[in-house]
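The values are calculated or read from the model by the stated rules, or taken from the named source; none is laboratory data. For clarity, every value in this text was computed on a predicted model and none was experimentally measured. Here Cβ is always computed from backbone atoms with ideal geometry, including for glycine, and neighbour counts include all displayed protein chains.
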Amino acid sequence: MRVKEILTKYIPERAVDPAFDLIVQNNVYLKIVNERVTRHGDYRRLADGSHQITVNASLNKYRFLITLIHEIAHLLAFEHYGKIIKPHGLEWKRTFRRLMLPFINPQIFPASLLPAIAHHFKNPKASSDTDAHLSLLLKQFDPANDKNYIFELPFGSTFRLYNGKLFRKGNKKIKRYECVEIKTGRVYLFNPNAEVEIIH
């Protein structure tokens, strides 16, 4: 199946042609994979000089598009500025913002998302998940599941992560919640919009 046909399954229709052009222009091998809970996508330069971008198949079409452009921005930032730049530093932010601008319009994103997306791209984060407001808006387009967000859980409640580890919710520290791993007693910080399974 051709790349353009594949893209029509994963991103908004009006985004297919410009996204396909970026893939072709930059010699990208796009690999769509089963969900990895620790990341939405990644970029690597292959030994033959071509570029591989991997994106999770489970993402909704808006998050998939943002992730795809995020990874192409890594490629272009490294090509233009060199390998010594920080992966999510100023050079990457500028590149990501420039690449995303043509996509930030009501023919591609629903009106309910546009203000949050425009705000996010004033200073894009390393992951759309770290922008709690945008992440929550994007998640409304995900298939329904039985998970809860950390911020919804009562103080002191127990929850389970995707890897089976159990935690107890603690206090909020600035933007994130302190949660204690029950088995070890170690304290971890969780984003408020992290999805978990509540136990009690």
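Here the condition is being at pLDDT 90 or above, crowded, with 17+ Cβ neighbours inside 10 Å, within 28 Å of Asp42 (Cβ to Cβ) and assigned by TED's automatic domain parsing to the domain that holds Ile66; of Phe159, Phe167, Phe121, it holds for Phe121 alone. Identify the residue in region 1-16 that is charged (D, E, K, R) and without any contact (Cβ under 8 Å) to a residue 12 or more places away in the chain and, among all such residues, is surrounded by the fewest Cβ atoms within 10 Å (Cβ to Cβ). The extreme case among them is Arg2. Does any residue of region 74-85 turn out to be under 25 Å from Ala194 (Cα atoms) and exposed (fewer than 12 other Cβ atoms within 10 Å of the Cβ)? No: zero hits.
Among the candidates Asn60, Asn34, the residue that is in contact (Cβ under 8 Å) with a residue 60 or more places away in the chain, in the same structural domain as His120 (by TED's automatic domain parsing) and among the polar types (S, T, N, Q) is uniquely Asn60.
Filtered by the rule that a residue be among the aliphatic types (A, V, I, L, M) and part of a strand (DSSP E or B), region 142-200 gives Leu166, Val180, Val187, Leu189, Val196, Ile198.
For the structure I just gave you, tell me whether Glu195 is within 30 Å of Pro87 (Cβ to Cβ), of a type in the set (D, E, K, R), touching a strand residue (DSSP E or B) at 6+ places or on another chain (Cβ under 9 Å) and modelled with pLDDT of 90 or more. Against the criterion (within 30 Å of Pro87 (Cβ to Cβ), of a type in the set (D, E, K, R), touching a strand residue (DSSP E or B) at 6+ places or on another chain (Cβ under 9 Å) and modelled with pLDDT of 90 or more), Glu195 does not qualify. Filtering region 144-200 down to residues that are among the charged types (D, E, K, R) and within 19 Å of the chain's Cα centre (by Cα), which residue is farthest from Ala132 (Cα to Cα)? Going through the qualifying residues, I end up with Lys147. When Pro143 is tested against (1) closer than 30 Å to Lys61 by Cβ; (2) surrounded by 15 or more Cβ atoms within 10 Å (Cβ to Cβ), only condition (2) is not met.
For region 173-196, what are the residues that are under 15 Å from Tyr149 (Cβ atoms) and surrounded by 15 or more Cβ atoms within 10 Å (Cβ to Cβ)? Once the filter is applied, which keeps residues that are under 15 Å from Tyr149 (Cβ atoms) and surrounded by 15 or more Cβ atoms within 10 Å (Cβ to Cβ), region 173-196 yields Arg176, Tyr177, Cys179, Phe190, Asn191, Pro192, Asn193, Ala194, Glu195, Val196.
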